[in-house]
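Peer 1: Mind looking over this structure? Questions follow.
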Amino acid sequence: MLLTEPMVTCIALYASFVYALLYLTLEVFPIVFEEIRGWSPVVRSLPFLGMFVGVLLGTVINVANQPRYARISDAANGKPVPEGRLAPMAIGGILFAIGLFWFGWTAATGITWLAPVFATVFIGAGFNVVFNQCINYLVDTYGLYAASATSANTFLRSVLAAGFPLVAHPMFHNLGSKVCKVLVDIIENMCA
């Protein structure tokens, strides 16, 4: 189904990319909080709580969407309406992108630690909403064949999630201090 069903391919690619970016971000936490900020291993794991709060907020968004989706489904005579899952998926995608951008721009040592930690709330919320709505979309679309569609999604997601963390350390360490210095200078100039 991953190769023959365009909708499975598109949703699986999107969900897998978001999942892989989350795993990449999890590998970046030690770089940002231990290597750059000099926190101890125990303290550097505390920002994961921000992501946990975000996941809980994403759950609230998903649960809050259910009455809306039930109304849409009832209007379609009780049939699943996969497109009813797209609005929260778009919200989750925006939250996830905001969180990643915010985290990336505030990871430098010249910026308070609160900024990247608050960004992780957006990352967690966005990920949770996108991930759940993608699975729901596949189940609503393929009904009887939902297990096959979700397994295709799981396969691709696992492949990407296994690969992205492997490039985290080389990518961030090889960006070079020149790139980081330029970014820090830009941020300092904006704040001045």
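Peer 1: Want the number for residue 185 to residue 3: 0.36 nm per residue separation, take away the alpha-carbon distance, what's left? Walk me through the numbers on the way to the answer.
Peer 2: On the way: separation 182, 0.36 × 182 = 65.52 nm, distance 4.60 nm.
Difference between extended and current length: 60.9 nm.
Peer 1: Mind checking which of 104, 58, 92 has the largest fluctuation in a GNM of the chain, springs on alpha carbons under 10 Å?
Peer 2: 104
Peer 1: Where Lys and Arg each count +1 and Asp and Glu each count -1, what net charge lies around residue 133 among other residues with Cβ under 15 Å from its Cβ?
Peer 2: Numbers: positive: 68, 85, 157; negative: 83, 140.
Around residue 133, the surrounding residues sum to +1.
Peer 1: Grab the Cα-Cα distance for residue 162 and residue 71, subtract it from 0.36 nm times how many residues apart they are, and report the gain in nm with one decimal. Present the calculation step by step, with values, prior to reporting the outcome.
Peer 2: On the way: separation 91, 0.36 × 91 = 32.76 nm, distance 3.86 nm.
Using 0.36 nm per residue and subtracting the Cα-Cα distance, I get 28.9 nm.
Peer 1: Send over a whole-number figure in Å² for the accessible area per residue of segment 1-99, probe 1.4 Å. Write down the numbers at each step before the final one.
Peer 2: Details: 5220 Å² over 99 residues.
Value returned for segment 1-99: 53 Å² of accessible area per residue.
Peer 1: Relative to 2.2 N^0.38 Å, what does the C-alpha radius of gyration of segment 1-60 come to as a ratio? Two decimals please.
Peer 2: Values: Rg = 16.2 Å, N = 60, 2.2 N^0.38 = 10.4 Å.
Against the empirical 2.2 N^0.38 Å value, I get 1.55 for segment 1-60.
Peer 1: Also, I was wondering about something else. What residue among 108, 11, 169 has its Cα farthest toward the positive end of the dipole of the chain, where the charges are +1 on Lys, Arg and -1 on Asp, Glu, each on the Cβ?
Peer 2: Working it through, the farthest residue towards the positive pole turns out to be 11.
Peer 1: Note down the magnitude of the dipole of the chain about its Cα centre, charges +1 on Lys and Arg C-beta and -1 on Asp and Glu C-beta and zero elsewhere, to the nearest 20 debye. Intermediate values should be presented prior to the final figure.
Peer 2: Working: 9 positive and 9 negative charges, 27 e Å.
The calculation lands at about 120 debye.
Peer 1: Given labels modelled 7 Å from the Cα in the Cβ direction, how far is it in nm from residue 171 to residue 81?
Peer 2: That separation, rounded to one decimal, is 3.8 nm.
Peer 1: Another one. Leaving out ligands, DNA and RNA, and with a 1.4 Å probe, what % of the accessible surface on the chain is carbon or sulfur?
Peer 2: Working: 7530 of 10300 Å².
Carbon-and-sulfur percentage of accessible area, whole number: 73.
Peer 1: Report, in deg cm²/dmol and to the nearest 500, the calculated mean residue ellipticity at 222 nm for the chain, where each DSSP H run with n ≥ 4 adds -39500 (n - 2.57) and the sum is divided by the residue count.
Peer 2: On the way: 7 runs with 151 residues, N = 192.
The per-residue figure over the chain is -27500 deg cm²/dmol.
Peer 1: Under a point spin-label approximation (7 Å from Cα along Cα-to-Cβ), what is the residue 114-residue 17 distance to one decimal in nm?
Peer 2: Calculated label separation equals 3.4 nm.
The values are calculated or read from the model by the stated rules, or taken from the named source; none is laboratory data. None of these values were measured; they are calculated from a predicted model. With ideal geometry, Cβ positions are generated from the backbone for all residues, glycine too; neighbour counts draw on all protein chains shown. These accessible areas exclude ligands, DNA and RNA; they are computed on the full protein's heavy atoms, side chains included. Shrake-Rupley method; radii C 1.70, N 1.55, O 1.52, S 1.80 Å.
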